Every structure is written in structure tokens, then in C-alpha cells.
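Please read the structure below before turning to the comments.
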Amino acid sequence: MAAPQASPEIHQFPCLKDNYGVLLRDAATGVVAAIDAPNGDEVAAALKAKGWKLTHILTTHRHGDHTDGNLALKAASGCTIIGPKGEADLVPGIDKAVGEGDTFMLGSLEVRVLETPGHTKGHITYWIPSAAVAFAGDTLFALGCGRVFEGSMEQMWGSLQKLAALPGATRVYCGHEYTLANARFALTIEPENAALQARVKEIEALRAKGETTLPTRIDVELATNPFLRATSPAIRKRLGLETAPDWQVFGEVRERKNKS
Ligand code: ZN
Ligand code: FE
């Protein structure tokens, strides 16, 4: 009988103004990965505080607030940098480019790669099924989603649908603490959603204490995140898009958020 796999230890910490840094340690092998590197000094300080030695950086996308620490951390640790195939030329220090359907071992953990383009053209999400955890960068946020800078609304909707299809209990780590602003916007799109109303109260209480709202969970997002709820009759009616394809409903929600 195979030994049960120990869950990785995950340490999330605020970085820059509203980013999160995340460190993951596989106890079986001592492998330590940073998911994105918003700032070299802040990631190094978090590693030091935990007493962990960096072996990998997993880059979700090329933006500076996710990659600015790559080169300094690599110089200090000799870590391996894994990043998106679709924008590998724009990821500082990248050693290994990965894309849709790729899997790789992070110590004893199998990581699966999902391409989730739209925010940037090559954005990827890292999913570790055995630990029920995913690192979604700037594709999905708690009650929100990333701005669609480099793809179409239809493509971003497809990316979000990939995440929506993960097991409901999957914990999702996101690149930013935008949850309170997202919550207030979500109420303008689906004010009658009781699960959303309750969640907004929880979020307001957490943020009033300065606490994080992340990670979130796929099932919680499906029930409350207006960017995943394009099939909701109430949302369609409010937007006047009763018969539009799902991606257009999503696109209208995204446009309204951009203007909010
Ligand atoms: Zn970004
Ligand atoms: Fe970002």
C-alpha cells in the first residue's frame, strides 16, 4: 500500500502594495517553491523567516509584479525557474517552459499545468491535484478575475471555465488581495444572491481586521463570483442578455467592472 502523501506546507504573505507571495514546501524532499516572485527582498525575507531554502520559482505570467524578484532570487539560490511557454521570452531567468497538459514533479508532488490566457497571452495556472490546491495568478481572484489585457473576452471565459471545472474543494491562491472591491462590485451584478451577501459580510469582517481573504475555493467562487456565473438567469436578466452566449455575459460583467 502506498504511503499517504503528506500535504505541502504553504506560506502566503503580502508583497508590494496588494500582491501575495506564496511559498510551498514539500516536507518529503525539502523542495521549496515560490509561486511568483513579486519582489526579491520580500520573498527572501519570507524564506528566511521560515528557514527554507528556495529550489524553484513557478511563474504564472510575465508581469513585473509577478517576476521582478526572479533574477535576484535565482542568483542567491540557484533555483530553477519554471514558467509559461506562451510568453517564455518575457520571463526573466526562465529555465523550463511549460504549457497546457504538461506535468512535472515538484519534489514528491505532481504539478499539472493549465493554460489560462486572457490577462496575458501565455498565462498559466499550476494545479496540484493530490494537495487540492491551484495557483491561479491573475486569472481568477476571490469574487473577481484579472483584467483582459492580451486576449479576447471569449478566451478569458474559456480560461475561467477550466478553473471552474476543477474539484470544488480545490483551494485557489491568487496574485492579489482585491477581494473587498470585488465584493462590492459583485453585489451590483447579483444583489439577490444570498450566498454572496453572506460572503461579503465575512470579507468585510476579515479586511476590517487586516486579515487575508485568500486562498479561496472553487465551490465558493462558483456560488458567488459574478465572473463565473454567466449562466445565472438573474444576472442575464439584469444585464439584458437573456439569450447571449455565456462568454458575452462574462464580457459585459468584465466591462462593467472596468468602468466601476
Ligand atoms: Zn498581472
Ligand atoms: Fe498582478
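The values are calculated or read from the model by the stated rules, or taken from the named source; none is laboratory data. A quick note: this is a predicted structure, and the numbers were derived from the prediction, not measured. Counting neighbours? That spans all protein chains shown, and the Cβs are built from the backbone with ideal geometry, glycine included.
Are there any pairs, at least 6 apart or on different chains, whose C-beta atoms fall under 6 Å, with the first in region 164-191 and more than 26 Å from residue 132 (Cβ to Cβ) and the second in a loop (DSSP other than H, G, I, E, B) and at pLDDT below 95, and if so, which?
185/260
I need the helices (runs of 4 or more DSSP H) fully contained in region 141-260, keeping only those with at least 3 residues that are surrounded by fewer than 18 Cβ atoms within 10 Å (Cβ to Cβ), at pLDDT below 95 and touching a Lys or Arg at 6+ places or on another chain (Cβ under 8 Å).
Numbers: elements: 153-164, 179-189, 194-208, 218-224, 233-239, 246-259.
In region 141-260, no matching helices (runs of 4 or more DSSP H) lie anywhere.
I need the full set of residues from region 92-138 which are within 15 Å of ligand 2 (Cβ to nearest atom) and either more than 21 Å from residue 62 (Cβ to Cβ) or touching a strand residue (DSSP E or B) at 6+ places or on another chain (Cβ under 6 Å) (or both), in order please.
116, 122, 124, 125, 135, 136
Output the residue which, of all residues in region 108-123 that are among the charged types (D, E, K, R) and over 17 Å from residue 91 (Cβ atoms), is surrounded by the most Cβ atoms within 10 Å (Cβ to Cβ).
Quick first cut of region 108-123, residues among the charged types (D, E, K, R) only: 110, 112, 115, 121.
Then keep just the ones that are over 17 Å from residue 91 (Cβ atoms); that gives 110, 112.
On the way: 110: 14, 112: 17.
My answer is 112.
Looking only at region 40-80, filter to residues that are part of a loop (DSSP other than H, G, I, E, B) and out of contact with any strand residue (DSSP E or B) (no Cβ under 9 Å at 6 or more places or on another chain); which one of those is farthest from ligand 1 (Cβ to nearest atom)? Explain how you work it out, then say what you get.
Filtering region 40-80 down to residues part of a loop (DSSP other than H, G, I, E, B) leaves 51-55, 59-63, 68-69, 78-79.
Then drop every residue that is not out of contact with any strand residue (DSSP E or B) (no Cβ under 9 Å at 6 or more places or on another chain), which leaves 51, 63, 68, 78.
Numbers: 51: 30, 63: 4, 68: 12, 78: 26 Å.
It comes out as 51.
Residue 134: more than 16 Å from ligand 1 (Cβ to nearest atom), closer than 20 Å to residue 19 by Cα, at pLDDT 95 or above and not polar (S, T, N, Q), yes or no?
Details: more than 16 Å from ligand 1 (Cβ to nearest atom): yes; closer than 20 Å to residue 19 by Cα: yes; at pLDDT 95 or above: yes; not polar (S, T, N, Q): yes.
Spelling it out, residue 134 is indeed more than 16 Å from ligand 1 (Cβ to nearest atom), closer than 20 Å to residue 19 by Cα, at pLDDT 95 or above and not polar (S, T, N, Q).
Which pairs have Cβ atoms under 9 Å, sit 6 or more apart or on different chains, and link a residue in region 107-131 that is free of Cβ contacts under 8 Å to residues at least 24 places away in the same chain and in a strand (DSSP E or B) to one that is away from ligand 1 (no atom under 12 Å from the Cβ) and charged (D, E, K, R)?
From region 107-131, the pairs are 112/102; 113/85; 113/100; 113/102.
Name the one entry in 88, 28, 33, 37 that is assigned to a loop (DSSP other than H, G, I, E, B), under 19 Å from the mean Cα position of the chain (by Cα) and in contact (Cβ under 8 Å) with a residue 24 or more places away in the chain.
Working: 88 fails: assigned to a loop (DSSP other than H, G, I, E, B); 28 fails: under 19 Å from the mean Cα position of the chain (by Cα); 33 fails: assigned to a loop (DSSP other than H, G, I, E, B).
On inspection, the qualifying residue turns out to be 37.
With the condition kept exactly as written, say whether any residue in region 13-28 is modelled with pLDDT under 95 and more than 16 Å from ligand 1 (Cβ to nearest atom).
Yes.
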